[in-house]
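Chemist: Here's a structure for you.
The values are calculated or read from the model by the stated rules, or taken from the named source; none is laboratory data. The shown structure was predicted, so the numbers you read here are calculated from the model rather than taken from an experiment. Reconstructed Cβ throughout: ideal geometry from the backbone, glycine too, with neighbour counts over all protein chains shown.
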Amino acid sequence: MTIPTEPIGSIPRPRALQEALAEHADGRLTDEELQKVREQATVETLARLEELDCPVLVDGEQSKPSFATYPLAGLETIAPGGAIIPFADGHTRQLPRLTAGPFRYGVHADTYLTLARRHTGRPVKQAVIAPSALSLLYPAEGLDGYPRETFLSDLADGAEADIRRCLDAGAHRVQLDFTEGRLSLKLDPSGGLLDDFIALNNGVLDRFSDADRDRLGVHTCPGGDLDSTHSLDVDYAELLPRLFELKVGAFYVQLASEPDPERVLRIIAEQLRPGIRVFVGVTDPVTPIAETPEEVRDRVLTAARHIPVDQLGTCDDCGFSPFADDTSTSRDLAFAKIAARVKGTALAARALGL
């Protein structure tokens, strides 16, 4: 037995891709030309992860505009001006809004997975956006002729298809990104919005078999972007008991950047149930210095005091570049942190006699 370790998703895009995205936005690069650059960035990302001996790979989201908005590509019923997400450093991100129904996915995540699997023989995991995040697209004032209940039904159908297509395409695991979980408690401290999110997500997860749900996971974090976060100040104790109600086999929990990791680990230990695995974050994508393998080892050993080793895994706290325009973390720094995670997890496994 060993301790499994997995990345979360996004990795900073290389300069050539960043330049290509700018040229495409200005009309100086065609869709086909941009896709060639994206594919090359995917190939390079997979190769570097293999060089670091990562047991499970990701494509680094090199082809996604963002972790949250990829399903919206090509849709004509989406406009600017949706929900605003404020970050601790003062910057904001704004979601688009739905202008008419019916809601349909424009792109499914299996397109990224299929491309990645053409370029590696190793297991590839695929991140998808949780339906709870996309529920924020619906405007508060409603839409004539398209009630919210109908939208949520259409959204659940789209989310199910997104997940199922990735499973069918051979994903090692499909990870639902649920950064809005912790954020919801800032938007609604009563927990009502979080309850709605959990219910919506579980309504989709209920459509899968137990065997399928063993290959599903959910990721929670305080929303890293541009070296800041949107909800690190929200008490994890308010989120975690509800998070573990989600019907998945794996939980990816940001931990390295928490001010009191052992308190969080105690809460996690209280929520454990048979058959699940908890991947704890052992590297912090926001900090500008790479962790050492020994630091990672010690974080894993701390976690092992609270979580049985056969239910423990490691991950990065968050994606390194969840939005395509985020250049706050260098590509080399991200890979250095990933290397420390892989090496440090192996050191911890040896220290535990595995």
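Chemist: In contact with a Pro (Cβ under 6 Å, 6 or more places away or on another chain), aromatic (Phe, Trp, Tyr) and part of a loop (DSSP other than H, G, I, E, B) - does that describe any residue in the range 84-91? Please lay out each step first, then the result.
Modeler: Just the residues of the range 84-91 that are in contact with a Pro (Cβ under 6 Å, 6 or more places away or on another chain), to begin with: none.
No, the range 84-91 contains no residue that is in contact with a Pro (Cβ under 6 Å, 6 or more places away or on another chain), aromatic (Phe, Trp, Tyr) and part of a loop (DSSP other than H, G, I, E, B).
Chemist: Could we say that residue 245 is in contact (Cβ under 8 Å) with a residue 24 or more places away in the chain and closer than 24 Å to residue 2 by Cα here? So that I can check it myself, show each step before the final result.
Modeler: Working: in contact (Cβ under 8 Å) with a residue 24 or more places away in the chain: yes; closer than 24 Å to residue 2 by Cα: no.
When the stated conditions are applied, residue 245 does not pass them.
Chemist: Pick from the range 18-75 the residues that are within 22 Å of residue 337 (Cβ to Cβ) and of a type in the set (Lys, Arg): which of them is farthest from the chain's Cα centre (by Cα)?
Modeler: 48
Chemist: A further question follows. Would it be correct to say that residue 108 is modelled with pLDDT of 95 or more, surrounded by fewer than 19 Cβ atoms within 10 Å (Cβ to Cβ) and in contact with a helix residue (DSSP H, G or I) (Cβ under 6 Å, 6 or more places away or on another chain)? Show your work before the answer.
Modeler: On the way: modelled with pLDDT of 95 or more: yes; surrounded by fewer than 19 Cβ atoms within 10 Å (Cβ to Cβ): no; in contact with a helix residue (DSSP H, G or I) (Cβ under 6 Å, 6 or more places away or on another chain): yes.
For residue 108, the condition - modelled with pLDDT of 95 or more, surrounded by fewer than 19 Cβ atoms within 10 Å (Cβ to Cβ) and in contact with a helix residue (DSSP H, G or I) (Cβ under 6 Å, 6 or more places away or on another chain) - is not met.
Chemist: List the number of the failed condition for residue 185; all other conditions in (1) part of a helix (DSSP H, G or I); (2) at pLDDT 95 or above hold.
Modeler: It fails just one condition, (2).
Chemist: Answer yes if at least one residue in the range 36-55 is assigned to a loop (DSSP other than H, G, I, E, B), out of contact with any Pro (no Cβ under 6 Å at 6 or more places or on another chain) and closer than 17 Å to residue 225 by Cα, and no otherwise.
Modeler: First, pick out the residues of the range 36-55 that are assigned to a loop (DSSP other than H, G, I, E, B): 52-55.
Pick out the ones that are also out of contact with any Pro (no Cβ under 6 Å at 6 or more places or on another chain) and you get 52-55.
Now narrow it down to the ones that are closer than 17 Å to residue 225 by Cα: none.
No, the range 36-55 contains no residue that is assigned to a loop (DSSP other than H, G, I, E, B), out of contact with any Pro (no Cβ under 6 Å at 6 or more places or on another chain) and closer than 17 Å to residue 225 by Cα.
Chemist: Please pick out the residue among 143, 155 that is outside any loop (DSSP other than H, G, I, E, B) and among the hydrophobic types (A, V, I, L, M, F, W, C). Talk me through it step by step, then tell me what you get.
Modeler: Values: 143 fails: outside any loop (DSSP other than H, G, I, E, B).
Sole residue among the options that is outside any loop (DSSP other than H, G, I, E, B) and among the hydrophobic types (A, V, I, L, M, F, W, C): 155.
Chemist: Kindly provide the set of residues from the range 262-289 that are part of a loop (DSSP other than H, G, I, E, B), of a type outside the set (Val, Ile, Thr) and over 21 Å from residue 235 (Cα atoms), ordered by number.
Modeler: 273, 274, 275, 288 - these are the residues of the range 262-289 that are part of a loop (DSSP other than H, G, I, E, B), of a type outside the set (Val, Ile, Thr) and over 21 Å from residue 235 (Cα atoms).
Chemist: Just a yes or no: is a residue in the range 6-13 in contact (Cβ under 8 Å) with a residue 12 or more places away in the chain, farther than 23 Å from residue 226 by Cβ and among the aliphatic types (A, V, I, L, M)?
Modeler: The first filter runs over the range 6-13 and keeps only residues in contact (Cβ under 8 Å) with a residue 12 or more places away in the chain, leaving 6-13.
Still in the running and farther than 23 Å from residue 226 by Cβ: 6.
Applying the additional criterion that residues be among the aliphatic types (A, V, I, L, M) yields none.
For the range 6-13, residues in contact (Cβ under 8 Å) with a residue 12 or more places away in the chain, farther than 23 Å from residue 226 by Cβ and among the aliphatic types (A, V, I, L, M): absent.
Chemist: Going by the structure shown, is residue 148 without any contact (Cβ under 8 Å) to a residue 12 or more places away in the chain and within 22 Å of residue 181 (Cα to Cα)? I'd like the intermediate steps shown before the answer.
Modeler: Numbers: without any contact (Cβ under 8 Å) to a residue 12 or more places away in the chain: yes; within 22 Å of residue 181 (Cα to Cα): yes.
Taking the combined requirement at face value, the residue satisfies it.
Chemist: Next question, about the same structure. When only residues in the range 334-354 that are in a helix (DSSP H, G or I) and free of Cβ contacts under 8 Å to residues at least 60 places away in the same chain count, which is surrounded by the fewest Cβ atoms within 10 Å (Cβ to Cβ)?
Modeler: Looking only at the range 334-354, we keep the residues that are in a helix (DSSP H, G or I), and these are 334-351.
Still in the running and free of Cβ contacts under 8 Å to residues at least 60 places away in the same chain: 336-337, 340, 343, 347, 350-351.
Working: 336: 17, 337: 23, 340: 22, 343: 18, 347: 17, 350: 11, 351: 13.
Filtering the range 334-354 for residues that are in a helix (DSSP H, G or I) and free of Cβ contacts under 8 Å to residues at least 60 places away in the same chain, the one surrounded by the fewest Cβ atoms within 10 Å (Cβ to Cβ) comes out as 350.
Chemist: Looking at the range 253-268, I want the residues that are under 17 Å from residue 304 (Cβ atoms) and have a partner that is among the polar types (S, T, N, Q) and surrounded by 22 or more Cβ atoms within 10 Å (Cβ to Cβ) with Cβ atoms under 8 Å, at least 6 apart or on another chain. Which pairs are those?
Modeler: Here the result reads 253/220; 256/283, each pair linking the range 253-268 to a residue that is among the polar types (S, T, N, Q) and surrounded by 22 or more Cβ atoms within 10 Å (Cβ to Cβ).
Chemist: Looking at the range 203-227, I want the residues that are within 14 Å of residue 166 (Cβ to Cβ) and have a partner that is of a type in the set (Gly, Ala, Ser) and part of a strand (DSSP E or B) with Cβ atoms under 6 Å, at least 6 apart or on another chain. Which pairs are those?
Modeler: These pairs meet every condition: 217/250.
Chemist: Can you pull out every residue in the range 202-221 that is in a loop (DSSP other than H, G, I, E, B) and crowded, with 23+ Cβ neighbours inside 10 Å?
Modeler: Initial filter on the range 202-221 (in a loop (DSSP other than H, G, I, E, B)): 206-209, 214-215, 221.
The answer is 221, and nothing else.
Chemist: Okay, moving on. Can you pull out the residues in the range 232-253 that are crowded, with 24+ Cβ neighbours inside 10 Å and modelled with pLDDT under 90?
Modeler: none
Chemist: In the range 161-219, how many are of a type outside the set (A, V, I, L, M, F, W, C), touching a His at 6+ places or on another chain (Cβ under 7 Å) and within 20 Å of residue 278 (Cα to Cα)? Can you show your working first?
Modeler: Of the range 161-219, the ones of a type outside the set (A, V, I, L, M, F, W, C) are 162, 164-165, 168, 170, 172-173, 175, 177, 179-182, 184, 186, 188-192, 195-196, 201-203, 206-207, 209-210, 212-215, 217, 219.
From what is left, the residues that are touching a His at 6+ places or on another chain (Cβ under 7 Å) are 162, 165, 175, 177.
Then keep just the ones that are within 20 Å of residue 278 (Cα to Cα); that gives 175, 177.
Here the count works out to 2.
Chemist: Please identify the pairs in which a residue from the range 154-172 that is within 16 Å of residue 137 (Cα to Cα) has its Cβ atom under 8 Å from the Cβ atom of a residue that is assigned to a loop (DSSP other than H, G, I, E, B) and among the aliphatic types (A, V, I, L, M), counting only partners at least 6 apart or on another chain.
Modeler: Close Cβ pairs (under 8 Å, with a partner that is assigned to a loop (DSSP other than H, G, I, E, B) and among the aliphatic types (A, V, I, L, M)) amount to 159/130.
Chemist: A follow-up question, please. In the set 17, 49, 57, which member is closer than 26 Å to residue 181 by Cβ, buried (at least 18 other Cβ atoms within 10 Å of the Cβ) and of a type in the set (A, V, I, L, M, F, W, C)? Walk me through how you get there before you give the answer.
Modeler: Details: 17 fails: closer than 26 Å to residue 181 by Cβ; 49 fails: closer than 26 Å to residue 181 by Cβ.
Residue meeting the stated conditions: 57.
Chemist: Would you pick out the residues in the range 92-119 that are assigned to a loop (DSSP other than H, G, I, E, B), in contact (Cβ under 8 Å) with a residue 40 or more places away in the chain, out of contact with any strand residue (DSSP E or B) (no Cβ under 9 Å at 6 or more places or on another chain) and within 21 Å of residue 56 (Cα to Cα)? Before you say what the answer is, go through the steps one by one.
Modeler: Kept after step one, since they are assigned to a loop (DSSP other than H, G, I, E, B), are these residues of the range 92-119: 95-96, 99-109, 118-119.
Remaining after also requiring in contact (Cβ under 8 Å) with a residue 40 or more places away in the chain: 95-96, 99-105, 108-109, 119.
Okay, now just the ones that are also out of contact with any strand residue (DSSP E or B) (no Cβ under 9 Å at 6 or more places or on another chain), so 100-105, 119.
The answer is 119, and nothing else.
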